[in-house]
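The values are calculated or read from the model by the stated rules, or taken from the named source; none is laboratory data. Fair warning: this is a prediction, and the values are worked out from it, not measured in the lab. Glycine also receives a Cβ, built like all others from the backbone with ideal geometry; neighbour counts cover every protein chain displayed. Surface accessibility is based on the protein's heavy atoms, side chains included, excluding ligands, DNA and RNA. Shrake-Rupley method; radii C 1.70, N 1.55, O 1.52, S 1.80 Å.
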Amino acid sequence: MLKIAYHPIYKHPLPEGHRFPMEKYDLLPKQLLYEGTCTEVNFFEPGFPEEKYLTAVHTQEYVTNLKALNLDRRAIRKTGFPLSQELVDREQIIAQGTMMGCEFALKYGIAFNIAGGTHHAYSDHGEAFCLLNDQAIAARFLQSKELAKQILIVDLDVHQGNGTAEIFEDDTSVFTFSMHGAGNYPFKKETSDLDIAVPDKSGDAVYLAKLKETLPKLINQVKPDFIFYLSGVDILETDKLGRLSCTVEGCKERDRFALSCFRESGIPVQVSMGGGYSPDIKVIIEAHANTYRLAQELYF
């Protein structure tokens, strides 16, 4: 059974005109239910994580200050969100959803989080709509429970997973792979274990060729016990922050190939959704929904 983390707090109120499309977290589960891809039984509602899992990835000072709403104005500005208790609660619940998803993935082969993919959160600060790094936290959770030793993070968001790269830069037990836009944020990149920078306006053919050449060999090389997949849909040509000029069909083919690789390897995978900033919310929802449709088709 496909299990999906969702909580109403995911749709967080933002100032009018804010560029982050928070409404997608409400619309996506509704769309999946409406079209019959999922039923209510597929969804589970996470609560709050134990702090020890947060501080296994983030510094105690940062976690303490974040929970106390004690960040300075510059640090708050870097996150892109107004700081509030509800926002901090939201970020913790997202991380717990990803951790719980790992346990479902071990049971069923794959699990999702409607939100997550907060790969710009560093060990000691947040950036770019990311305050706590959900997949990094979940990776450490798995290792602490001795549920996985070697982990592979496959980050196909259009933006480099700079926070994830920094967190695991000296850790050979977590292999970080980021395939992202060469000319896109962050303009000062960190060093992942494998970075593939895709030129602007590459389109489907170039993008998919690079992925198909890389991913199967990487899985064979790393031999992970568990995979995290960040399936951002900001690679689309319609995306305000994208630049890669991929189509919705190309994005779907990316997910079909990636999920097929994971399925054939027999390695459990947790999927977080990452970015999507197309002006038409329907395009974002369709691209994200494709990932769930493919998971149901390929795994169940």
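Of all the residues in segment 177-216, those that are over 20 Å from the mean Cα position of the chain (by Cα), small (G, A, S) and open to solvent by less than 60 Å² (accessible area, probe 1.4 Å) number 4.
Among the residues of segment 217-256, those identified as under 19 Å from I110 (Cα atoms), of a type in the set (D, E, K, R), open to solvent by 10 Å² or more (accessible area, probe 1.4 Å) and part of a helix (DSSP H, G or I) are K252, E253, R256. Cβ-Cβ under 8 Å, sequence separation 6+ or interchain: first residue in segment 208-229 and basic (K, R), partner in a helix (DSSP H, G or I) and surrounded by fewer than 21 Cβ atoms within 10 Å (Cβ to Cβ). Which pairs? Close Cβ pairs satisfying both conditions: K212/F257. Count of segment 16-41 residues, restricted to those that are open to solvent by 60 Å² or more (accessible area, probe 1.4 Å) and in a loop (DSSP other than H, G, I, E, B), is 5. Any residue in segment 125-135 that is under 18 Å from T191 (Cβ atoms), modelled with pLDDT under 95, open to solvent by less than 10 Å² (accessible area, probe 1.4 Å) and of a type outside the set (V, I, T)? Checking segment 125-135: not a single residue is under 18 Å from T191 (Cβ atoms), modelled with pLDDT under 95, open to solvent by less than 10 Å² (accessible area, probe 1.4 Å) and of a type outside the set (V, I, T). Within segment 73-80, identify whether any single residue is touching a helix residue (DSSP H, G or I) at 6+ places or on another chain (Cβ under 6 Å) and not charged (D, E, K, R), and answer yes or no. The answer is no; no qualifying residue exists.
Counting residues in segment 159-173 that are under 17 Å from R243 (Cβ atoms) and of a type in the set (F, W, Y) gives zero.
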